Amino acid sequence: SLASTAITCFTRGLDLRKGTEDVLCPANCPLWQFYVFGDGVYASLSSICGAAIHRGVITNAGGAVRVQTLPGQDNYPAVNANGIQSQVLSRWASSFSVTAGAKDTALEAVGRSVSTARPSTGKRPKKTLDKKAGNKDCKADIAFLIDGSYNIGQRRFNLQKNFVGKVAVMLGIGTEGPHVGVVQASEYPKIEFYLKNFTAAKEVLFAIKELGFRGGNSNTGKALKHTAQKFFSLENGARKGIPKIIVVFLDGWPSDDLEEAGIVAREFGVNVFIVSVAKPTTEELGMVQDIGFVDKAVCRNNGFFSYQMPTWFGTTKYVKPLVQKLCSHEQMLCSKTCYNSVNIGFLIDGSSSVGESNFRLMLEFVSNVAKAFEISDIGSKVAAVQFTYNQRTEFSFADHLTKEKVLSAIPNIRYMSGGTATGDAISFTAGKVFGPVKDGPNKNFLVVLTDGQSYDDVRGPAAAAQKAGITIFSVGVAWAPLDDLKDMASEPRESHTFFTREFTGLEQMVPDIIRGICKDFLDSKQ
């Protein structure tokens, strides 16, 4: 049988390269997060594992799936099946179907699938390197934010250290496994050690044992904010593309406010968990500033990120479930991904050579690219500018903060008709549309759509835009000269320049543009 590729809950049909591919879906994917379009035949924008569960090929326990690439089609229907509601899509450039995959390869891989993430005492043959490498199935950079306040006291502080030590060992720390550091919260936060300091469980355990109790108020908010801002820098050992996690241990309740710290952590792409121990009793509630402190700080208020232990005594049984959460990297909803951390501006040629019906095809292309991203006030954003000799901002990044609003605004763009001054249009967009977001957390992309020769210079304005941190993809149709397209595109030019003779060919390019944006996002310094 073909070797199966392990994929994530979010791998989509368009991420696969071969016509037929055997893949392995992990267990415990969060059903409510799946994007699935169609029924039986699925648009390639769909999650593969989501489609397989929808089709009944696997359950949420994961397993082997064979994916067959199919041509695109019109009208993918919405059907509710096996706990997943698929969505309607009017048309898409390619599709896939799912059937049950080869069983034999499935078992070993599911045994160590991402979400069950057993510590590395699994049934695998012992390799001499394995111990050093750690648990490769658990991808996480974790800060344990421990409680060093008078609330907890010296005795329980020691029990807390024991618990954190057990969690650290079970995680399977190693060069290729999870990395951890510790911050102590009291009056002022103190970073005890960073991710880069130790990559072996033995060393981490020793460092935890050595921690001294500081005492003072329980200023967890201050410590959480400090940790989110300072702890996860590349020079302190954070790794690109690995989820950043802060596990906050709180005995009782905080002395300060957690809300602002929670917002900062989300902005920095950090997933905050709160482990609350001995939570306030009825008679203590009068002393608690904000009873909802847990909900304000966690990454998402969906139950997954909060964890309760009644006391610090007898906590061994709580170690494994916490480790399983920390290793479910599919559920780390606050991590920055290309889908939720980009601004995409579309610069659309409205010149008279395009014509009304082809202009509609350009708008459809814009919608199909936008559809792939998670657009929200804290996520990705989309803007559109139409140009002839003049420019018109159809909507800016701040105008539509949900995917629904963006997708209903695009078809309402009215065709201008006129000349073609692409260079001016790039300068206008770089200043007016990208200017306001240039210091924001998202990476900036500009997709230029044009069907002809520009009357002005495009090279200068494009170089200036790129210098301002905007990555440019140029998409040419019909009479657009290749030299112009290459002059506008970011480096490497080949992978940022697209051309099709006919407007109907735009649809085929959608997956490549999405893939290109994601590749650039991952290669950037985020």
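The values are calculated or read from the model by the stated rules, or taken from the named source; none is laboratory data. As the structure is a computational prediction, the values presented were derived from the model and not from experiment. Every residue, glycine as well, gets a Cβ built from its backbone with ideal geometry; the counts of neighbours run over all protein chains shown. The accessibility values were calculated without ligands, DNA or RNA, using every heavy atom of the protein model including side chains. Shrake-Rupley method; radii C 1.70, N 1.55, O 1.52, S 1.80 Å.
Under 7 Å between Cβ atoms, which residue pairs at least 6 apart in sequence (or on different chains) link something in the stretch 323-338 that is farther than 23 Å from LYS166 by Cα with a partner that is part of a helix (DSSP H, G or I)?
Pairs that qualify, where the first residue is farther than 23 Å from LYS166 by Cα and the partner is part of a helix (DSSP H, G or I), are CYS334/ARG266; CYS338/ILE517; CYS338/CYS518; CYS338/PHE521; CYS338/LEU522.
If PHE397 satisfies every condition in (1) assigned to a helix (DSSP H, G or I); (2) modelled with pLDDT of 95 or more but one, which is the exception?
(1)
Just the residues that are among the β-branched types (Val, Ile, Thr) and more than 13 Å from ASP349 (Cβ to Cβ), please, taken from the stretch 394-424. Break it down into steps so the answer makes sense when it comes.
Keep residues of the stretch 394-424 that are among the β-branched types (Val, Ile, Thr), which gives 402, 406, 410, 413, 420, 422.
Selection gives THR402, VAL406, ILE410.
Being over 21 Å from GLN154 (Cα atoms) and exposed (fewer than 12 other Cβ atoms within 10 Å of the Cβ) narrows it down to one of THR311, THR316, THR282, so name that one.
Just a single option satisfies the conditions, and that option is THR282.
Do you know which residues across the stretch 342-379 are open to solvent by 10 Å² or more (accessible area, probe 1.4 Å), among the aliphatic types (A, V, I, L, M) and not in a loop (DSSP other than H, G, I, E, B)?
LEU361, ILE375
For the stretch 135-167, which positions are over 15 Å from LEU205 (Cα atoms), under 27 Å from the mean Cα position of the chain (by Cα) and in contact (Cβ under 8 Å) with a residue 60 or more places away in the chain?
ASN135, ASP137, CYS138, LYS139, ALA140, ASP141, LEU145
Might you let me know whether the stretch 99-106 holds any residue that is aliphatic (A, V, I, L, M) and modelled with pLDDT under 50?
yes
Which of the residues belonging to the stretch 248-273 are assigned to a strand (DSSP E or B) and either in contact with a His (Cβ under 8 Å, 6 or more places away or on another chain) or more than 16 Å from SER149 (Cα to Cα) (or both)?
VAL270, ASN271, VAL272, PHE273
I need the strands (runs of 3 or more DSSP E) fully contained in the stretch 13-78, keeping only those with at least 3 residues that are open to solvent by less than 30 Å² (accessible area, probe 1.4 Å).
Values: elements: 20-25, 41-43, 63-76.
In the stretch 13-78, the matching strands (runs of 3 or more DSSP E) lie at 20-25, 63-76.
Having 3 or more residues that are more than 22 Å from VAL354 (Cβ to Cβ) is the bar; report the strands (runs of 3 or more DSSP E) wholly within the stretch 436-503 that clear it.
Working: elements: 443-450, 470-477, 497-500.
Once the strands (runs of 3 or more DSSP E) in the stretch 436-503 are filtered for at least 3 residues that are more than 22 Å from VAL354 (Cβ to Cβ), what remains is 443-450.
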